Amino acid sequence: MTQVNTLIDQVVFAWQELQKKSPLIQCITNQVASNYAANVLLACGASPAMIDNPYEAESFTRIVGALSINLGTPSSEQMQAMKISAATAHQESIPWVLDPVGYSPVLKWRSDMVDTLLTFMPSVIRGNASEISTLAGEQSLSKGVDSTLNSEDVYKHAKVLLKSSQCVAISGPSDFILSQESDQVIEIKGGSILQPRITATGCSLGALIAAYCAVAPINTATIAAHVHFAIAGKLAYEKAPTLGQFNVAFMDELFTLNAEKIKQHIDIQIH
Amino acid sequence: MTQVNTLIDQVVFAWQELQKKSPLIQCITNQVASNYAANVLLACGASPAMIDNPYEAESFTRIVGALSINLGTPSSEQMQAMKISAATAHQESIPWVLDPVGYSPVLKWRSDMVDTLLTFMPSVIRGNASEISTLAGEQSLSKGVDSTLNSEDVYKHAKVLLKSSQCVAISGPSDFILSQESDQVIEIKGGSILQPRITATGCSLGALIAAYCAVAPINTATIAAHVHFAIAGKLAYEKAPTLGQFNVAFMDELFTLNAEKIKQHIDIQIH
Amino acid sequence: MTQVNTLIDQVVFAWQELQKKSPLIQCITNQVASNYAANVLLACGASPAMIDNPYEAESFTRIVGALSINLGTPSSEQMQAMKISAATAHQESIPWVLDPVGYSPVLKWRSDMVDTLLTFMPSVIRGNASEISTLAGEQSLSKGVDSTLNSEDVYKHAKVLLKSSQCVAISGPSDFILSQESDQVIEIKGGSILQPRITATGCSLGALIAAYCAVAPINTATIAAHVHFAIAGKLAYEKAPTLGQFNVAFMDELFTLNAEKIKQHIDIQIH
């Protein structure tokens with residue numbers, strides 16, 4: 001059995017576990033993404049809870065299957081909650097995902113918080129090429145929160161982030177996933193050119209990675225979440241190539257994914 | 001004329017009043033639900049306003065037809081607004097609905113606020129079986145904000161809440177509505193298995209109950225809102241059994257409900 | 001060449017510039033609108049960023065193409081951010097749009113902030129007839145945030161607002177646009193009776209005006225944004241006359257607008 005086939009079996013198994021266990025996932029996310037991310041989690045089989053206040057953060061994080069933290073549009077109270085929940089997850093060995101939206105010199109408040117959050121060792125860091133590149137110490141001219149860099153050029157420099165995290169995922173036309181486990185880089189193709197034209201798809205992918213982390217090993221979980229998104233995006237675009245219809249079809253495809261579709265449409269390479 | 005037929009006529013009349021009067025409804029709700037709840041109210045005939053700051057809460061609540069308070073993802077400022085608006089509604093005899101999302105020992109901050117809000121005598125308390133059960137003093141092992149209990153098992157214990165509220169509504173595969181008016185329990189069937197897979201449907205139902213309360217007696221209003229949702233969910237699922245399409249069809253059906261559809265599809269029982 | 005034909009050419013050119021340049025647009029907006037407004041901007045060709053905290057407001061506003069400020073559901077931190085970002089935009093000559101949602105005596109906190117923001121000379125003030133009328137000093141009995149006045153009756157009194165702004169836009173069944181440049185009033189027809197039944201369409205129009213302001217003269221930009229919305233709304237309604245389907249089709253039409261469609265469907269008059 002080839003290594004790719006083993007990966008495919010692991011992805012299928014992770015998907016099945018997600019359906020069976022429907023883990024409770026805490027998302028501290030931005031106001032743009034909160035509804036969409038919750039719907040993505042529900043469509044994919046998880047049970048979302050967007051608890052983001054500092055007064056309930058510790059007691060709630062203790063009971064969740066995994067945590068997703070996203071810095072899109074933070075408030076002061078959310079910032080406090082992020083720190084408490086990340087610390088709790090780290091202490092209790094609950095997997096957690098960090099999405100450093102907008103990490104850049106021009107957005108210093110959140111970028112300082114990201115630096116603090118890194119000390120709590122996120123299981124996975126995920127972002128677009130601009131964010132990951134800047135986080136990895138590269139100079140970047142990010143245009144706001146959307147990426148202007150190529151994911152392929154970035155992943156070679158992103159290995160330094162594996163000091164802070166088990167897994168690093170860079171999304172783009174191809175997604176690249178780096179892991180502490182090996183020197184191999186996993187590339188996942190699929191998706192659609194329309195996905196970047198819908199807000200919060202990246203943020204929702206971060207939440208979905210957390211959901212898979214609650215039921216599968218970190219590395220497998222990160223791959224499985226990207227595969228789930230890539231196949232749904234590809235199949236949705238085949239049905240509906242305009243933005244409004246695509247978004248509806250994308251939710252349909254996230255919801256109706258199954259083992260057969262995974263095996264048929266997965267497009268994964270090992271570098 | 002049977003008692004059920006009388007109820008059906010009252011529901012039809014409440015729906016007509018909602019279309020005619022399009023009452024202004026204040027919602028202090030969570031960031032996940034705010035857009036969806038506003039769209040549900042507009043689709044159903046009401047006029048939403050999500051004013052949720054403490055500095056305008058008192059003057060604004062005085063002019064609304066009804067108020068809906070939902071504790072999904074509170075901020076400190078929203079919490080202050082909730083207390084002010086609930087007190088104002090109570091004082092001015094403006095109907096108001098309390099949705100104690102996540103009420104449980106693990107979410108103490110909001111649960112304490114719910115206890116405070118109960119002193120302002122909500123017209124209606126609505127929630128899923130886990131929340132209502134915990135609120136009624138039962139032990140519960142709620143998994144986050146989604147219900148793991150059966151609504152049918154819970155309603156018998158929920159009568160204690162009628163000390164704080166004219167009406168108690170428990171949503172689930174069947175919805176159960178208890179009222180101070182009589183010992184009868186109203187059961188409403190319909191809806192779809194996909195509704196719990198779309199976030200904020202419950203929260204939006206709370207807002208819709210408030211909308212009906214602005215134009216009809218509390219008990220009738222609570223029944224009418226549940227019937228509106230149950231029929232729309234049922235008809236939407238017949239047209240579109242996948243998640244993305246269902247959500248679109250559900251909004252269509254909320255919007256196109258009419259007296260005939262109510263009479264044809266209502267499924268109501270008196271226990 | 002007639003004056004209307006010149007306007008049409010300018011609108012087409014503005015649309016082309018928006019596609020080509022995809023400017024970064026900062027939106028400080030309400031929780032109801034944030035997801036929808038971001039999706040509208042992405043569908044129309046711009047690059048949205050909903051940065052709304054006071055700690056990053058100054059450094060971020062310096063790098064954006066335009067700014068949109070909307071007072072739908074403000075928090076204290078957003079209010080601080082609004083003041084900082086508006087002051088920065090004014091100082092740096094970055095175009096910015098003010099949408100005074102709910103401006104009325106009953107919502108004093110935001111109305112006071114609107115008065116403050118006017119001192120930073122918004123490029124465009126846009127609102128519905130009730131809001132613009134009250135802002136222009138008329139007495140109004142606004143029902144919450146939705147307009148109960150006729151846009152046609154209001155525009156004659158709105159000229160006083162041109163002391164604070166280059167352009168004033170009043171939305172309604174017909175949209176009216178006033179400008180410092182001349183005494184002419186531009187009327188734009190189109191859209192659909194369903195647009196007011198979808199929340200945040202007005203708020204999103206404010207964001208879209210900002211997007212066009214980043215690539216075209218203020219007056220042209222304001223007209224172009226209204227035309228973009230009016231044509232998309234009209235074409236969407238022809239395809240899908242129910243609320244859920246309409247909303248999907250509206251996003252499709254915002255996305256697939258092109259020069260030919262503009263020329264064919266634009267309905268503009270000069271008064």
### Task
Filter the range C:6-42 down to residues that are among the polar types (S, T, N, Q) and closer than 19 Å to C:MET251 by Cα, then give me how many there are.
6
### Task
Quick one: A:GLY244 ticks every box in (1) in contact with a Ser or Thr (Cβ under 7 Å, 6 or more places away or on another chain); (2) farther than 22 Å from A:HIS157 by Cβ; (3) without any contact (Cβ under 8 Å) to a residue 40 or more places away in the chain except a single one, so which number is it?
(1)
### Message
One residue is enough: does the range C:92-100 have a residue meeting the conditions in a loop (DSSP other than H, G, I, E, B), at pLDDT below 95 and closer than 30 Å to C:TYR55 by Cβ?
### Response
no
### Task
Would you please name the residue that is nearest to the other protein chains (Cβ to nearest Cβ), looking only at residues in the range B:221-236 that are within 12 Å of B:CYS44 (Cβ to Cβ) and out of contact with any strand residue (DSSP E or B) (no Cβ under 9 Å at 6 or more places or on another chain)?
B:ALA232
### Task
Tell me which residues, restricted to the range B:93-111, are closer than 17 Å to B:CYS167 by Cα and free of Cβ contacts under 8 Å to residues at least 12 places away in the same chain.
B:SER93
### Query
If you scan the range A:84-111, which residues turn out to be of a type in the set (D, E, K, R) and within 25 Å of C:PRO74 (Cβ to Cβ)?
A:LYS108, A:ARG110
### Task
For the range A:111-128, indicate whether the set of residues that are under 24 Å from B:LEU107 (Cα atoms), in a loop (DSSP other than H, G, I, E, B), more than 10 Å from every other protein chain (Cβ to nearest Cβ) and of a type in the set (A, V, I, L, M, F, W, C) is non-empty.
yes
### Query
Can you name the number of the only condition in (1) at pLDDT below 95; (2) in contact with a strand residue (DSSP E or B) (Cβ under 6 Å, 6 or more places away or on another chain); (3) assigned to a strand (DSSP E or B) that A:ASP183 fails?
(2)
### Query
Quick check, is C:GLN3 more than 30 Å from C:ALA249 (Cα to Cα), in contact (Cβ under 8 Å) with a residue 60 or more places away in the chain and away from chain A (no Cβ under 12 Å)?
yes
## Note on the structure
Counting only residues that are in a helix (DSSP H, G or I) and closer than 21 Å to C:LYS263 by Cα, the range C:200-224 contains a total of 13
### Message
Whether any residue in the range A:165-185 is closer than 16 Å to A:CYS44 by Cβ and out of contact with any Asp or Glu (no Cβ under 7 Å at 6 or more places or on another chain) is what I want to check.
### Response
no
### Test result for C:ALA14, at the interface with chain A (Cβ under 10 Å from one of its Cβ atoms), among the small types (Gly, Ala, Ser) and touching a helix residue (DSSP H, G or I) at 6+ places or on another chain (Cβ under 9 Å)
no
### Message
Among the residues that make up the range B:67-85, is at least one of them among the small types (Gly, Ala, Ser) and over 30 Å from A:GLN26 (Cβ atoms)?
### Response
no
### Query
When you scan the range B:26-47, how many residues do you find that are at the interface with chain C (Cβ under 7 Å from one of its Cβ atoms), of a type outside the set (S, T, N, Q) and in contact with a strand residue (DSSP E or B) (Cβ under 6 Å, 6 or more places away or on another chain)?
1
### Message
Against the condition in a helix (DSSP H, G or I) and under 21 Å from A:LEU162 (Cβ atoms), how does A:ALA81 come out, does it pass?
### Response
no
## Note on the structure
Across (1) crowded, with 24+ Cβ neighbours inside 10 Å; (2) more than 14 Å from chain C (Cβ to nearest Cβ), B:ALA81 clears everything bar (2)
### Residue satisfying all of: in the range C:203-220; surrounded by 24 or more Cβ atoms within 10 Å (Cβ to Cβ) and in contact with a Lys or Arg (Cβ under 8 Å, 6 or more places away or on another chain); farthest from the other protein chains (Cβ to nearest Cβ) among these
C:ILE209
### Query
Given the structure, is A:SER76 polar (S, T, N, Q), surrounded by fewer than 22 Cβ atoms within 10 Å (Cβ to Cβ), at the interface with chain B (Cβ under 9 Å from one of its Cβ atoms) and more than 15 Å from the chain's Cα centre (by Cα)?
no
### Task
Being hydrophobic (A, V, I, L, M, F, W, C) and surrounded by fewer than 20 Cβ atoms within 10 Å (Cβ to Cβ) is the filter; apply it to the range C:85-108 and report the residue that is nearest to the other protein chains (Cβ to nearest Cβ).
C:VAL106
### Message
For the range C:52-71, which positions are buried (at least 24 other Cβ atoms within 10 Å of the Cβ) and more than 7 Å from chain A (Cβ to nearest Cβ)?
### Response
C:ALA57, C:THR61, C:VAL64, C:ALA66, C:LEU67, C:SER68, C:ILE69, C:ASN70, C:LEU71
### Query
In this structure, does B:LYS239 turn out to be modelled with pLDDT of 95 or more, within 14 Å of chain C (Cβ to nearest Cβ) and farther than 28 Å from B:PRO100 by Cα?
yes
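The values are calculated or read from the model by the stated rules, or taken from the named source; none is laboratory data. Predicted model, so just to flag it, every value in this text is computed and none were measured. Backbone-built Cβ (ideal geometry, glycine too); neighbour counts: all protein chains shown.
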